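K.L.:
The structure follows.
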Amino acid sequence: MAATRRGKPVGVAELEASPKELPGFYQDMLLIRRFEERAGQMYGMGLIGGFCHLYIGQEAVVVGMQAVLKDGDTIVTSYRDHGHMLACGMDPKGVMAELTGRRTGYSRGKGGSMHMFSREKNFFGGHGIVGAQVPIGTGLAFAHRYQDNGLICATYLGDGAINQGQVYESFNMAALWKLPIVYVIENNRYGMGTSVDRASARTDLFHRGMAYGIPGEQVDGMNVLAVHEAGLAAAEHTRSGQGPLILEMLTYRYRGHSMSDPAKYRTREEVDRVRTEHDPIEQARRRLIDGGTDEAVLKEIDAEVRKRVAEAAQFAQDSPEPDPAELWTDVLVDA
Amino acid sequence: MATEVLMPALSPTMTEGKIARWLKSEGDAVRSGDVLAEIETDKATMEIEAIDEGVLARIVVPEGTDHVAVNTPIAVISSDGEGASPRAPFTQLGNGQKRGPAQELRRERLPPPAPPASAPTLTSSAPTAEREYTGATRIMTVREALRDAIAEEMRRDDRVFLIGEEVAEYQGAYKVSQGLLQEFGIRRIIDTPITEQGFAGLGIGAGFAGLRPIVEFMTFNFAMQAIDQIINSASKTHYMSGGQMTCPIVFRGPNGIAARVAAQHSQCYASWYAHCPGLKVVVPYTGADHKGLLKSAIRDPNPVIFLEHELVYGENFAVPDDPEFLVPIGKARVARSGGHVTITAFSRMVKLALQAAEELEKVGISAEVIDLRSLRPFDTETVISSVRRTNRIVTLEEGWPFAGIGAEIAALIMEECFDWLDAPVRRVTSKDVPLPYAANLERLAVPQVDDIVAAAREVAYR
Ligand SMILES: Cc1ncc(C[n+]2csc(CCOP(=O)(O)OP(=O)(O)O)c2C)c(N)n1
Ligand SMILES: [Mg+2]
């Protein structure tokens with residue numbers, strides 16, 4: 001079985017010419033970045049409550065992966081889910097309105113930041129319990145196989161979640177039944193305040209499927225093109241019936257674990273170094289410019305993204321709270 | 001264009017904070033991402049970053065200022081004329097129309113913490129004898145009382161250790177274990193991976209082997225990952241082994257409904273654990289009870305479920321200093337005496353019951369509030385003798401109604417007080433739905449003081 005590394009973390013200067021997908025990737029990553037910055041601001045103003053986990057720094061992972069999925073492929077992730085929803089094409093307005101707990105939100109205000117879903121976009125949540133999405137994603141893949149519909153599931157989990165027992169129960173079943181699933185480990189180096197080496201006996205997480213014969217690969221998750229390339233190969237492998245795959249994306253979250261995390265477990269220098277040397281958006285921008293893209297085009301993208309985010313924020317504040325009667329709806333399906 | 005920097009809410013429960021330090025001075029250029037200031041919240045010291053670029057034109061709130069309400073302007077940043085930036089300034093985000101969420105959070109802080117209505121009590125070796133405590137006390141938060149209880153028991157008994165997620169280096173996700181790693185080191189204060197079933201089971205095994213584990217769940221929501229080990233391995237083994245095996249272990253952490261964290265992170269597990277023989281279940285409210293009951297739980301030879309509450313951690317109480325101060329498991333406490341109606345409550349709901357009792361007094365109803373403190377064993381005697389005097393009872397809990405603690409008490413009252421009752425038992429519970437996120441729905445879902453007052457008036461027919 002293969003266990004490899006691809007696209008070792010690179011400095012901005014080492015990047016090559018820019019492929020045709022890059023402007024789109026750039027725009028999608030920027031949308032997530034700006035959306036999350038705004039969500040952070042709105043949390044500070046008391047417009048968003050409870051837990052709110054921002055995806056800033058990790059944008060390349062979900063954007064690169066989403067581009068390899070086909071219509072109908074399914075996605076499931078943890079509570080750090082805003083980026084995944086935007087990458088799936090869910091409406092920023094509906095996501096932001098859920099963050100503010102309004103009736104126009106994706107869960108009509110009842111789920112909040114950690115619990116959103118879209119049947120239309122095949123986004124299956126948004127799960128608050130660490131690791132719980134992994135068997136669920138395995139079940140989505142089971143359904144694809146059962147229906148023989150040629151679809152696959154991308155299941156995202158963190159470097160902390162990787163130590164939950166149900167992850168290995170899932171790996172075993174997925175390998176046993178050759179389920180069409182890509183497990184994407186978003187290794188952002190910390191599970192809350194615990195660094196990977198303080199939580200994991202072996203830190204090369206892409207090896208975690210080895211006991212089940214699941215191939216794994218480590219990928220520079222700050223480079224959207226490396227993610228995309230690895231994702232393409234993985235999707236093809238699992239779609240063709242060869243069973244599950246693990247992609248370990250080396251990435252980084254810039255903000256605290258959630259809004260109330262003082263992040264004293266790492267230095268400011270560490271964060272700054274990743275930001276200045278490996279920022280996924282800055283890398284893409286440089287690469288576009290080096291490939292001849294006009295700065296004016298990028299400015300336009302920027303303006304467009306800012307406009308969408310501003311609209312979403314406005315919408316999320318203007319929308320009314322849920323009707324009190326909503327308290328009692330949706331507990332069970334009427335049978 | 002000038003942008004106001006507002007005091008941010010940095011945690012779900014924060015309503016105000018202290019400007020600990022300004023890291024930028026007036027006139028300094030700031031870039032997005034620069035740290036502007038350090039803010040002390042109820043839990044931690046946090047940095048706030050600039051979001052816009054420009055010059056720090058004015059510091060409105062000087063450093064050292066405490067009790068700065070969330071959303072107060074604390075500084076002004078003027079942007080350096082690059083007016084083309086399409087990003088809306090901070091203040092345009094509907095500052096004037098802030099609603100639900102912030103107010104909802106503020107509600108949690110209403111009255112100054114009430115001192116324990118009856119004096120804390122002391123037991124010596126006989127666990128049921130509860131004597132009045134007359135020694136020295138100190139005002140401290142519940143968070144600190146818990147930490148002191150753990151530290152005292154760890155000093156007393158080397159077999160006691162603390163294990164869980166973020167308990168050591170991070171000093172506890174809710175800062176309960178602050179300082180413990182520094183005092184006891186990594187042998188006894190142990191950070192785990194996120195593997196609840198694994199470390200709960202490991203604790204049980206260590207308990208079988210004679211150690212005295214304290215297993216912290218970051219919240220009891222995550223103990224559901226481990227509930228098989230708690231019930232099948234911890235609670236039943238003494239019985240299944242014909243008394244050979246014991247499992248002295250404490251499972252503790254915040255339980256119940258915090259603020260705006262939605263269904264998967266807001267749930268009361270009291271009735272789940274209270275259902276099971278072979279467990280003790282403790283649900284304290286006051287600081288003294290947190291300390292005295294946790295110490296009893298650690299010394300107890302049985303598995304004890306110790307349910308705390310995030311919204312109670314920051315409350316202040318007078319807490320006994322004496323390291324031999326213990327509160328017996330299985331004894332309720334009359335938190336307020338009254339003659340017209342009995343209200344039973346536990347954990348954070350005791351606070352609401354006491355508030356309701358004050359409201360009721362204004363309409364001439366004298367309520368007796370019983371802080372149950374333990375659910376297993378249950379102090380039937382205190383509840384029964386109260387109801388036989390008041391002839392009316394309202395039960396209060398954060399859990400759901402069906403098969404809840406109130407249902408159990410209703411059955412007990414029917415069995416033991418049938419002839420004394422002047423009105424049917426009334427239960428005040430959370431609504432029978434998963435907890436919604438939206439501020440207005442959350443308020444409707446969780447018991448409020450008004451609900452308790454209404455229920456008490458109903459049984460008092462006034
Ligand atoms: C079962 C369970 N245990 C604990 C938690 C609390 N918790 C939420 S996120 C988190 C850290 C997870 O880290 P990781 O998997 O690396 O994901 P990241 O937050 O870095 O995206 C913890 C401990 C939880 N939500 N669920
Ligand atoms: Mg992580």
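The values are calculated or read from the model by the stated rules, or taken from the named source; none is laboratory data. All values derive from a computational prediction rather than experimental measurement. All Cβ positions, even for glycine, are placed from backbone atoms using ideal geometry, and neighbour counts span all protein chains on display. Side chains are part of the model used for accessible areas, which takes the heavy atoms of the whole protein and leaves out ligands, DNA and RNA. Shrake-Rupley method; radii C 1.70, N 1.55, O 1.52, S 1.80 Å.
K.L.:
Looking for something within 12 Å of ligand 1 (Cβ to nearest atom), under 19 Å from A:Phe171 (Cβ atoms) and not in a strand (DSSP E or B) - is there at least one such residue anywhere in the range A:201-211?
P.N.:
Looking through the range A:201-211, at least one residue is within 12 Å of ligand 1 (Cβ to nearest atom), under 19 Å from A:Phe171 (Cβ atoms) and not in a strand (DSSP E or B).
K.L.:
Given the criteria away from chain A (no Cβ under 14 Å) and open to solvent by 60 Å² or more (accessible area, probe 1.4 Å), does B:Glu408 qualify?
P.N.:
It is true that B:Glu408 is away from chain A (no Cβ under 14 Å) and open to solvent by 60 Å² or more (accessible area, probe 1.4 Å).
K.L.:
Moving on to the next point. Are any residues in the range A:62-78 touching a helix residue (DSSP H, G or I) at 6+ places or on another chain (Cβ under 6 Å) and within 18 Å of A:Gln27 (Cβ to Cβ), and if so, which ones?
P.N.:
A:Val62, A:Val63, A:Gly64, A:Met65, A:Gln66, A:Ala67, A:Val68
K.L.:
Ok, one more. Return the residues of the range B:224-256 that are within 11 Å of another protein chain (Cβ to nearest Cβ) and of a type in the set (A, V, I, L, M); say none if nothing qualifies.
P.N.:
Hits for the range B:224-256 are B:Met224, B:Ala226.
K.L.:
Can you confirm whether B:Ile214 is in contact (Cβ under 8 Å) with a residue 12 or more places away in the chain, under 20 Å from A:Ala199 (Cα atoms), more than 16 Å from ligand 2 (Cβ to nearest atom) and away from chain A (no Cβ under 14 Å)?
P.N.:
Considered against the rule, which asks whether it is in contact (Cβ under 8 Å) with a residue 12 or more places away in the chain, under 20 Å from A:Ala199 (Cα atoms), more than 16 Å from ligand 2 (Cβ to nearest atom) and away from chain A (no Cβ under 14 Å), B:Ile214 comes out as yes.
K.L.:
Of all residues being touching a His at 6+ places or on another chain (Cβ under 8 Å) and within 12 Å of ligand 2 (Cβ to nearest atom) in the range A:192-215, which is farthest from A:Gly243 (Cα to Cα)? Just the residue, please. Give the derivation first.
P.N.:
Pass one, the range A:192-215, residues touching a His at 6+ places or on another chain (Cβ under 8 Å): A:192-193, A:215.
From what is left, the residues that are within 12 Å of ligand 2 (Cβ to nearest atom) are A:192-193.
Details: A:Met192: 31, A:Gly193: 34 Å.
Here the answer is A:Gly193.
K.L.:
Taking the range A:74-87 as the search range and keeping residues that are more than 15 Å from ligand 2 (Cβ to nearest atom) and not in a helix (DSSP H, G or I), which one is farthest from the other protein chains (Cβ to nearest Cβ)?
P.N.:
Selected residue: A:Thr74.
K.L.:
Still on this structure, I have one more. Anything in the range A:40-73 that is surrounded by fewer than 24 Cβ atoms within 10 Å (Cβ to Cβ) and away from chain B (no Cβ under 14 Å)? List them, or say none.
P.N.:
Within the range A:40-73, A:Gln66, A:Ala67, A:Val68, A:Leu69, A:Lys70, A:Asp71, A:Gly72, A:Asp73 qualify.
K.L.:
Let me ask something else about it. Might you check whether a residue that is surrounded by 17 or more Cβ atoms within 10 Å (Cβ to Cβ) and within 18 Å of A:Phe25 (Cβ to Cβ) occurs anywhere in the range A:313-334?
P.N.:
no
K.L.:
Take B:Tyr174 and tell me if it is within 11 Å of chain A (Cβ to nearest Cβ), in contact (Cβ under 8 Å) with a residue 60 or more places away in the chain and either within 16 Å of ligand 1 (Cβ to nearest atom) or farther than 19 Å from B:Ile230 by Cβ (or both).
P.N.:
Against the criterion (within 11 Å of chain A (Cβ to nearest Cβ), in contact (Cβ under 8 Å) with a residue 60 or more places away in the chain and either within 16 Å of ligand 1 (Cβ to nearest atom) or farther than 19 Å from B:Ile230 by Cβ (or both)), B:Tyr174 qualifies.
K.L.:
One residue is enough: does the range B:176-190 have a residue meeting the conditions of a type outside the set (Lys, Arg), under 27 Å from B:His275 (Cα atoms) and modelled with pLDDT of 95 or more?
P.N.:
No, the range B:176-190 contains no residue that is of a type outside the set (Lys, Arg), under 27 Å from B:His275 (Cα atoms) and modelled with pLDDT of 95 or more.
K.L.:
Only one of (1) over 22 Å from A:Gly57 (Cβ atoms); (2) touching a Gly at 6+ places or on another chain (Cβ under 7 Å) fails for A:Ser118. Which number is that?
P.N.:
The single condition A:Ser118 does not satisfy is (2).
K.L.:
Could you grab me the full set of residues in the range A:188-200 that are surrounded by fewer than 22 Cβ atoms within 10 Å (Cβ to Cβ) and not in a loop (DSSP other than H, G, I, E, B)?
P.N.:
A:Ser195, A:Val196, A:Asp197, A:Arg198, A:Ala199
K.L.:
Have a look at A:Asp272, A:Asp261 and point out the one that is of a type outside the set (Gly, Ala, Ser), under 24 Å from the mean Cα position of the chain (by Cα), open to solvent by 40 Å² or more (accessible area, probe 1.4 Å) and within 24 Å of A:Arg38 (Cα to Cα).
P.N.:
Of the residues listed, the single one that is of a type outside the set (Gly, Ala, Ser), under 24 Å from the mean Cα position of the chain (by Cα), open to solvent by 40 Å² or more (accessible area, probe 1.4 Å) and within 24 Å of A:Arg38 (Cα to Cα) is A:Asp272.
K.L.:
Okay, next question. Looking at the range A:300-330 only, could you name the residues that are of a type in the set (D, E, K, R), within 26 Å of B:Ala262 (Cβ to Cβ) and over 23 Å from the mean Cα position of the chain (by Cα)?
P.N.:
Correct list: A:Asp318, A:Glu321, A:Asp323, A:Glu326, A:Asp330.
K.L.:
Being within 15 Å of B:Leu375 (Cβ to Cβ) and more than 14 Å from chain A (Cβ to nearest Cβ) narrows it down to one of B:Ala297, B:Ala335, B:Ala318, B:Ala288, so name that one.
P.N.:
Only one candidate passes the filter, namely B:Ala297.
K.L.:
Does any residue of the range B:235-248 turn out to be open to solvent by 30 Å² or more (accessible area, probe 1.4 Å) and either within 16 Å of ligand 2 (Cβ to nearest atom) or touching a Cys at 6+ places or on another chain (Cβ under 8 Å) (or both)?
P.N.:
Checked the range B:235-248: at least one residue is open to solvent by 30 Å² or more (accessible area, probe 1.4 Å) and either within 16 Å of ligand 2 (Cβ to nearest atom) or touching a Cys at 6+ places or on another chain (Cβ under 8 Å) (or both).
K.L.:
While we're looking at this one, here's another question. Test of understanding: among B:Glu53, B:Glu47, B:Glu16, B:Glu4, which residue is open to solvent by 50 Å² or more (accessible area, probe 1.4 Å), facing chain A (nearest Cβ under 9 Å) and under 20 Å from A:Gly40 (Cβ atoms)?
P.N.:
B:Glu47
K.L.:
Among the numbered criteria (1) more than 14 Å from chain B (Cβ to nearest Cβ); (2) over 15 Å from A:Thr155 (Cβ atoms); (3) open to solvent by 10 Å² or more (accessible area, probe 1.4 Å), which single criterion is violated by A:Met173?
P.N.:
Of (1) more than 14 Å from chain B (Cβ to nearest Cβ); (2) over 15 Å from A:Thr155 (Cβ atoms); (3) open to solvent by 10 Å² or more (accessible area, probe 1.4 Å), only one is false for A:Met173: (2).
K.L.:
Pairs, please: C-beta under 8 Å, at least 6 apart or cross-chain, first residue within 14 Å of chain B (Cβ to nearest Cβ) and in the range A:134-160, second more than 16 Å from ligand 2 (Cβ to nearest atom)?
P.N.:
A:Val134/A:Gln166; A:Val134/A:Ser170; A:Pro135/A:Gln166; A:Pro135/A:Glu169; A:Pro135/A:Ser170; A:Ile136/A:Val76; A:Ile136/A:Phe124; A:Ile136/A:Gly125
K.L.:
Given (1) away from ligand 2 (no atom under 13 Å from the Cβ); (2) touching a residue at least 24 places away in the same chain (Cβ under 8 Å), identify the lone condition not met by A:Ser258.
P.N.:
(1)
K.L.:
Please work out if B:Glu358 is more than 20 Å from the chain's Cα centre (by Cα) and free of Cβ contacts under 8 Å to residues at least 60 places away in the same chain.
P.N.:
So B:Glu358 passes the test.
K.L.:
Given the options A:Ile185, A:Ile181, name the one that is of a type in the set (A, V, I, L, M), within 10 Å of ligand 1 (Cβ to nearest atom) and open to solvent by less than 10 Å² (accessible area, probe 1.4 Å).
P.N.:
Going through A:Ile185, A:Ile181 in turn, just one is of a type in the set (A, V, I, L, M), within 10 Å of ligand 1 (Cβ to nearest atom) and open to solvent by less than 10 Å² (accessible area, probe 1.4 Å): A:Ile185.
K.L.:
Out of (1) without any contact (Cβ under 8 Å) to a residue 40 or more places away in the chain; (2) within 30 Å of B:Ala37 (Cβ to Cβ); (3) not basic (Lys, Arg), what's the single condition that is false for A:Asp334?
P.N.:
(2)
K.L.:
Of the residues B:Glu398, B:Glu442, which single one is buried (at least 23 other Cβ atoms within 10 Å of the Cβ), in contact with a His (Cβ under 9 Å, 6 or more places away or on another chain) and at pLDDT 95 or above?
P.N.:
On inspection, the qualifying residue turns out to be B:Glu398.
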